[in-house]
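Below: one structure, written as structure tokens.
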Amino acid sequence: MRAVSLLPSATELLFRLGVDPVGVSHSCDYPPAARDLPTLTSTAVAHGADRSAADIDRQTRIIEGSVYDIDAERLADLDPDVVVTQATCEVCAVDASDVRAAVDRLGLDATVVTLDPHSLADVLDDVTRVGRAVGVPDRAASLRADLAARVERVTERASAAETRPRTVVLDWTDPVIAGGHWVPELVDRAVGRPGLVTEGPSTPQRWADVRAFDPEVLFVAPCGFDADRAESAVDDLRTREGWADLSAVSAGEVYAVDGNGHVNRPGPRLVDTLELFAACLHPERFDAPAPDAVRRVRAASRA
């Protein structure tokens, strides 16, 4: 089975299912073996470590047409049986309509599997769908059962917590955007009280609304940023009026999270993210998460 993945979460899923893709997107970086595979997409947006959140946002806004390009010639050469793409976010990965158009134009005999998850249940359903599409339904059933069991274990253990802190997860800092889709559910299952966005997609926020909700725990997890860059992105917030007065800042409960690997990708590692959130919200009940995934940051305003 020759499978192509055009989004990082699907690449992770294929590897977990024991099906190594023959081609991936330029954003696919996990597991490390994905970095050595032929890449089929590119973008004009410069995401380098020297680029601020504001600069990346500006680039995205001024691009005319699609943010991503498909290498049609390479796709034809790879001649896949299955192409996995997405319809959840037009600025996160190549859009499904562009993929279908390329497959039709090239006359490829390939099944296009479009993922559009918005909840943990959707992510688990995608394990089943992709497993069937690539011919490993039994492996998919086993993986889904394992992930579901882990979710329930965390949910049950967290449910005994005595507090439910007001919690905000930001998946961008300039402008400020609060995480949606599966993020509020992760917070709720980890026994935090999600705020700003409780359902629906990630949504830009007025800073006044962040202050009004006054999170007791704040996760900063910009899309595409690892923990180091997320920690730097906290600087976008430190200069905002009333930052030092936020309960999360006063209590030292501000966390920089590897958003790229653990929050923005609706794949198997979202279960790791649930465990991560629970450990930060209720450290008395869970083991500390790895520092490369999340770390408590100095939250006070810069002198």
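The values are calculated or read from the model by the stated rules, or taken from the named source; none is laboratory data. As the structure is a prediction and not an experimental result, all values here were calculated from the model. Neighbour counts are summed over all protein chains in view; Cβ atoms, including those assigned to glycine, are modelled from backbone coordinates with ideal geometry. Ligands, DNA and RNA are excluded from the accessible area calculation, which covers all protein heavy atoms including side chains. Shrake-Rupley method; radii C 1.70, N 1.55, O 1.52, S 1.80 Å.
For the range 244-300, what is the relative contact order in percent, using Cα pairs closer than 8 Å and at least 6 residues apart in sequence?
The value is 49 percent.
Distance in nm between label sites at His118 and Thr163, each 7 Å beyond Cα in the beta-carbon direction?
3.3 nm
Considering the chain as a Gaussian network with a 10 Å cut-off on Cα pairs, which listed residue, Thr39, Thr198, Thr239, attains the greatest mean-square fluctuation?
Maximum fluctuation in the GNM of the chain, among the listed residues, is at Thr239.
Tell me which DSSP H helices of the chain clear both cut-offs, 30 Å or more of axial length from alpha-carbon atoms and a mean Kyte-Doolittle hydropathy of at least -1.0. Walk me through the numbers before you get to the answer.
On the way: long enough: 137-158 (31 Å, -0.58).
Once both thresholds are applied, what remains is 137-158.
Give, as a single signed number, the net charge of other residues whose beta carbon lies under 9 Å from the beta carbon of Asp109, with Lys and Arg counted +1 and Asp and Glu -1.
Its environment carries a net charge of -2.
Quote to one decimal, in nm, the extra length available between Glu284 and Ala251 on full extension: 0.36 nm per residue of separation minus the C-alpha distance between them.
Value of the extension gain: 10.3 nm.
Tell me the Kirkwood hydrodynamic radius of the range 11-74 in angstroms, computed as one over the mean inverse distance between distinct C-alpha pairs.
Details: mean 1/r = 0.0746 Å⁻¹.
Its Kirkwood hydrodynamic radius stands at 13.4 Å.
Percentage of Cα-Cα pair distances in the range 131-287 greater than 25 Å, rounded to whole percent?
The calculated P(r) of the range 131-287 puts 29 percent of pairs beyond 25 Å.
Of Arg105, Arg129, Arg285, which is the most mobile in a GNM of the chain whose springs link Cα atoms less than 10 angstrom apart?
Maximum fluctuation in the GNM of the chain, among the listed residues, is at Arg105.
How many percent of all Cα-Cα pairs in the chain sit more than 30 Å apart?
33 percent
Please give the charge dipole size of the range 217-275, origin at the Cα centre, charges +1 on K and R Cβ atoms and -1 on D and E Cβ atoms. Round to the nearest 20 debye. Before the final figure, lay out the partial values.
On the way: 5 positive and 11 negative charges, 36 e Å.
It works out to roughly 180 debye.
What are the principal axis extents of the Cα atoms in the range 160-253, in Å, biggest first?
Answer, in whole Å and largest first: 36, 27, 25 Å.
Roll a 1.4 angstrom probe over the protein heavy atoms and tell me the percent of accessible area of the chain that is carbon or sulfur.
Summing carbon and sulfur atoms, their accessible area is 46 percent of the total for the chain.
Pick from Val45, Val83, Val123: which residue has the top mean-square fluctuation in a GNM of the chain where Cα pairs under 10 Å get a spring?
In the Gaussian network model the winner is Val45.
Output the Cα-based Rg and Dmax of the range 207-259 in Å, rounding Rg to one decimal and Dmax to a whole number.
In order Rg, Dmax, the Cα atoms of the range 207-259 give 10.8, 28 Å.
Express in Å², to the nearest 10, the accessible area of Ser142 obtained by rolling a 1.4 Å probe over the protein heavy atoms while all chains stay in place.
Its accessible surface works out to 80 Å², give or take rounding.
Kindly report the accessible area of the range 6-164 per residue (heavy atoms of protein chains, probe 1.4 Å, no ligands, DNA or RNA), in Å².
Per residue, the range 6-164 has 50 Å² of solvent-accessible surface.
Running Debye on the range 15-171 with equal point scatterers at the Cα sites and no solvent, what base-10 log of I(q)/I(0) appears at q = 0.09, 0.10, 0.16, 0.19 Å⁻¹?
-0.40, -0.49, -1.09, -1.31
Is the C-alpha gyration tensor of the range 247-303 telling us rounded, prolate or oblate? Criteria: a/c under 1.5 is rounded; beyond that, a/b larger than b/c is prolate, otherwise oblate.
Note, shape of the range 247-303 comes out oblate.
So what's the net charge close to Arg229: Lys and Arg +1, Asp and Glu -1, counting the other residues with Cβ under 10 Å from its Cβ?
Net charge in that neighbourhood comes out at -3.
Would the range 82-167 count as rounded, prolate or oblate if I go by the C-alpha gyration tensor, calling it rounded below 1.5 in a/c and otherwise prolate when a/b exceeds b/c, oblate otherwise? Write out the running numbers ahead of the final one.
On the way: a/c = 6.26, a/b = 1.84, b/c = 3.41.
Cα axes put the range 82-167 in the oblate bin.
Express as a percent, rounded to the nearest 5, the fraction of DSSP beta bridges in the chain (both residues included) that run antiparallel. Write down the numbers at each step before the final one.
Values: 11 of 31 bridges.
Taking every DSSP beta bridge with both residues in the chain, the antiparallel ones total about 35 percent.
Let me know the shape class of the range 1-45, please: from the alpha-carbon gyration tensor, a ≥ b ≥ c as square roots of the eigenvalues, rounded when a/c is under 1.5, otherwise prolate if a/b is greater than b/c, or oblate.
Judged from the Cα gyration tensor, the range 1-45 comes out prolate (a/c at least 1.5, a/b above b/c).
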